[in-house]
Amino acid sequence: MKKLVYIMGLFLFLSNCSKSDEESSTLTFLEKYTGSVWSSNEDYDSNEFMRFTNDLNQPIESWVNRTCCYYYEMETLKMGKGTPVTYKVTQNADNNLEISYYSDWDGNKYREVEKLTLSVSGNTLKLDSKFYYDDDLDYVEDPIIFQKSTSDVESLMLCSTEENLTNTFLGKYGGMVLGGFNSDGSGEYLYFRFIKNTNYPMEFWFENNSCMTYKMVCSNNGYTLMENSSSKLEWKHEEVISGTEYVEIFAIEIIYDNIQKMDRFFATIKKFENGTLVSDRFQYYNPKEINVDELQICN
């Protein structure tokens, strides 16, 4: 009798295990990995986190590091025939997720398609990107590798412009993009944008051949905001390299240009080494209608 009870118990245990394994194998990618966080530091100086959600319209959240803070995005995928750009989850099975981006609508079909494939093996996630044009494979990007992470993405400092800076330079000009030639005489062009936040007041894009070098001014990287009045912004950067103290002071204000007969943004850049002034330059900059977020960043 005891032997019969044991056999029946073993049978029920194996049946439950088989049922559990079957249910696990039928889970979709988003059901299986919803809430999981993945990290990559392959994007040069930028570390990126992503988190999956079990939602076909909003499957991925991302946090991209920009030195001082993280840009957050939850992109909503919308499929609409004839729209300029449209997105769709085209595979959602077990350990593979595929998202297709369609663009260049010619009246009958989308001529350009980008397919992103995310595949998981253990604690490693691989992101592959393939680009098609007129149904033919155009090119393939190198894969990006992510590792499973225990980081608390909810505690990351976000790049926010919510700080109340009424009647200050950043409050008035936050979000504005200026452009002009670099004051160092190199002939290279640069753009910079003001941000309504005293911890990271400015970001720069420097021309570097066919791409742009990106830099953000932030308080946790040796920068100190010295003035943020209604008409002037000034910050200082300090660092010590091999025993030599380097100090750079950047100030920008609005002054009247007698030659152009208009108000312009006038910047001065002073550099010191061990307390001695070694460079004192100035440059005018003008507002620019350009989406700096679409500039090609150097590798």
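The values are calculated or read from the model by the stated rules, or taken from the named source; none is laboratory data. From a predicted model like this one, the values you see are computed outputs, not experimental measurements. SASA here: full protein model, heavy atoms, side chains in, ligands and nucleic acids out. Shrake-Rupley method; radii C 1.70, N 1.55, O 1.52, S 1.80 Å.
Computed over protein heavy atoms with a 1.4 Å probe, the accessible surface of the chain works out to 60 Å² per residue. Answer rounded, prolate or oblate for the range 123-169, using the Cα gyration tensor with square roots of eigenvalues a ≥ b ≥ c: rounded when a/c is under 1.5, else prolate when a/b is larger than b/c, else oblate. Oblate, because a/c is 1.5 or more while a/b does not exceed b/c. Secondary-structure-derived ellipticity at 222 nm for the chain, considering helices only, amounts to -3500 deg cm²/dmol, per-run term -39500 (n - 2.57) for DSSP H runs with n ≥ 4.
Rounded if a/c is under 1.5, else prolate if a/b is larger than b/c, else oblate: which is the range 201-299, with a ≥ b ≥ c the root eigenvalues of its Cα gyration tensor?
On the way: a/c = 1.78, a/b = 1.15, b/c = 1.55.
Oblate, because a/c is 1.5 or more while a/b does not exceed b/c.
So which of Lys196/Lys261; Lys32/Lys126; Lys232/Lys261; Lys88/Lys126; Lys115/Lys288; Lys109/Lys288 end up more than 26 Å apart by C-alpha? List each step's numbers first, then the result.
Values: Lys196/Lys261 29 Å; Lys32/Lys126 16 Å; Lys232/Lys261 20 Å; Lys88/Lys126 19 Å; Lys115/Lys288 34 Å; Lys109/Lys288 35 Å.
Table pairs above 26 Å Cα-Cα are Lys196/Lys261; Lys115/Lys288; Lys109/Lys288.
Across Thr67, Thr198, Thr150, mean-square fluctuation computed from a Gaussian network of the chain (C-alpha pairs under 10 Å connected) peaks at Thr150.
The Cα center of the range 257-274 and the Cα center of the range 169-202 differ in position by 13 Å. Once backbone amide H atoms are built at 1.01 Å from N, Cys159 has Tyr70, Tyr71, Tyr72 as its partners under 5 Å, excluding neighbours fewer than 5 places away on the same chain.
Asp280 exposes around 90 Å² of accessible area when a 1.4 Å probe is run over every protein chain in place.
Computed over the chain, the Cα gyration tensor eigenvalues convert (square root of 5λ each) into semi-axes of 51, 25, 17 Å, ordered from largest to smallest.
Only Cα pairs within less than 10 Å get springs; with that Gaussian network setup on the chain, which residue of Val247, Val278, Val140 has the largest fluctuation? Its mean-square fluctuation being the largest, the pick is Val278. Residues considered: Asn108, Asn65, Asn92. Largest GNM mean-square fluctuation over the chain, using C-alpha springs under 10 Å, is found at Asn108.
Ignoring ligands, DNA and RNA, what percent of the 1.4 Å accessible area of the range 193-299 is carbon and sulfur? Write out the running numbers ahead of the final one.
On the way: 2690 of 6140 Å².
Within the range 193-299, the accessible surface is 44 percent carbon and sulfur.
Contact order for the chain, expressed relative to its length and based on alpha carbon pairs under 8 Å spaced 6+ residues apart, stands at 10 percent.
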